[in-house]
Every structure is written in C-alpha cells, then in structure tokens.
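The values are calculated or read from the model by the stated rules, or taken from the named source; none is laboratory data. As the structure is a prediction and not an experimental result, all values here were calculated from the model. So basically every Cβ, Gly included, is an ideal-geometry build from the backbone, and we count neighbours across all protein chains shown. For accessibility, only protein heavy atoms count, side chains too; no ligands or nucleic acids. Shrake-Rupley method; radii C 1.70, N 1.55, O 1.52, S 1.80 Å.
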Amino acid sequence: MKPDISQALLSYDIRTGRYAADNFAQYSPAYAVTNEDVREILSALKIKPNSNILTVAGSGDQALHYKLSGASHVDTFDITYNAKMIMDIKTTAIQNLPRSDYALLVSRCSRSNDISDIPQYQQIEQHMPTETREYIRHMRGMFLTRGGPCYDIMYNYEYAKLQKLITEPFNFIWTDLPELSSHLTQKYDQIYLSNILQYHAKPEYIIPLVNDLSSFLNPDGTMMVNVAPFFVGEDIDALRQMKKSVEDNGIGSVKFIRTHLFHMCVLQKR
C-alpha cells in the first residue's frame, strides 16, 4: 500500500506543519531516534546468531541493532508511514554518508519541517527508495518526525559494521498491531513489540493479540511483549493475566526482567 498524500496532508495543520491529532495513526510523526536503550534490551534478550526477526520499526534503531546483534533477516512494522520514512533515511545514509554526517542528518530530521532542505539529505536523496523520496517531497512544510528523550546508541565501530551489513531498505509492513498477524507469512525467532501495549493495557486487548502473534514464533522463540522504564499497576495486572493465559494454554512461559533502566515482559514459546 502506497501513502495517500491527500490523506497525509489532512493529518497536519497546514499553517504550522504540526500533527493535528494526539494519537498514533497512519501518518503520525515518527521518532527520529529511539527512546529505548536498544543495546541493553537486546543484550537481555540474548539473540541467537542468524535469527529471523520481526520488530516494530519505530525510529529504525531497533532494526539496525538487530542486524548488529547478528540477525540474518529483519522485518519491520508500524502504524505510521513516517516510521518507514525515517528508517529508509537511515539505511540510505548509512550506505552513503560518513558517521558525522549521519548524526547531523538524524538530528536535523528531528526538528525539521522540510527534510528535503537538509544538506545531508540532499546528498542521499537520489539513492532513496523512490516512493519514500516522493513522499518527503510532497510533504514539505510538515513536521514528520518528533524528538524527545533519546539514546545516542550508534558508536563509530557500530556504524562501520552497519556500512557492511546494510545493503537495502528493511522490509516494512504498514499496519496497526491488531492486524499485524494477517500480513505475516513466516515464523520468527524473535518478535519485538516495544512499548506499544502500554497504550492498550487491558487484558481483553493484550491476551488475544499475544496468543495470536505467538503462533508466528518458532519453537523456543521469544517475544518482547512490553518494555518500559517502569510498569504501572494496570500494566502489571494485564501482563499477569496474559502470563496465566499463555501458560494455561501451553504456549510457553512469561518472565519479567528488570535492569537498571527498564522493566521487560518476555514470552518464550514452548
């Protein structure tokens, strides 16, 4: 499915370029940089070499760090097309820019209402996927990304490694989470949902969704069900009920992991 520019423009205030709603939707701004310490989180997940991965696109940093961690294939998904946009910008920049220019590009994307005007973007524009390049061109004047708390997680040696690993854009599935499974055609060693379920912390929402997605995990595969700086009461209640459902139905086990930065809920398939 290609972006509908007319619908995309309706999502923004033409006068200010700001997103006209406060929810996550098909054209809501994407984070330019992750607000998760992906390196620490993936270390806790203990990724096996050559894993097949499905992850939220987000800012694109999750997919990049899965490749750094040894994943052989990474599929991505997100509710907003702008997640694909920022991810395509990063994968194209990695192939064509030095680390310093990559950092400038990402920083400027986080506060620009015209990505086409950014000098570092102009250096890679001709190499961008055609659909994404045209979307950026037609959405001039709109703030398509957002800033906020973030982690500077791309070290020089990691960037050099990615320049050898990244040869094309990541596959992107444009969908809201409840419809994700209808787009899947293969099984994965790991599925990464980030903190999406914190916006829907109800057992009646989480339990069927997790049960459904678990059918796309390989035996002994894992799912990052939720990760956040902390879980509040409703998160804990919903996740505990989900844990009971998963274990009662023989799907696998659910454990809660706490590091110095994050709380995580991880499902491991039987």
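Numbers at a glance
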quantity: Pairwise Lys count, the stretch 127-270 - Cα closer than 18 Å, eight or more residues apart or different chains; calculated: 8
quantity: Helix axis angle, 233-248 relative to the chain longest principal axis, alpha carbon, degrees; calculated: 60 degrees
quantity: Dipole of the chain [Lys/Arg +1, Asp/Glu -1 at C-beta], most positive-end residue of Ile94, Asn113, Thr132; calculated: Ile94
quantity: Within a Gaussian network of the chain (alpha carbon springs, distance under 10 Å), most fluctuating of Asn82, Asn35, Asn23; calculated: Asn23
quantity: Antiparallel content of DSSP bridges confined to the chain, in %, to 5; calculated: 45 percent
quantity: Rounded accessible area of Lys202 (nearest 10 Å², 1.4 Å probe); calculated: 110 Å²
quantity: Ser181 accessible area, 1.4 Å probe, all protein chains in place, Å² to nearest 10; calculated: 20 Å²
quantity: Dipole moment magnitude, nearest 20 debye, the stretch 124-269 about Cα centre, only Lys, Arg, Asp, Glu C-beta charged; calculated: 280 debye
quantity: Degrees, to the nearest 10: 99-109 long Cα axis against longest axis of the chain; calculated: 90 degrees
quantity: Set of aspartates and glutamates near Lys48 by C-alpha distance (under 14 Å), chain-local residues within fewer than 8 positions excluded; calculated: Asp189, Asp220
quantity: Fraction in percent of alpha-carbon pairs per bin - 5 Å, the stretch 143-270; calculated: 2, 9, 17, 19, 18, 16, 11, 6, 2, 0
quantity: Choice from Gly233, Gly252, Gly70 showing the highest fluctuation, given a GNM over the chain with Cα pairs closer than 10 Å; calculated: Gly233
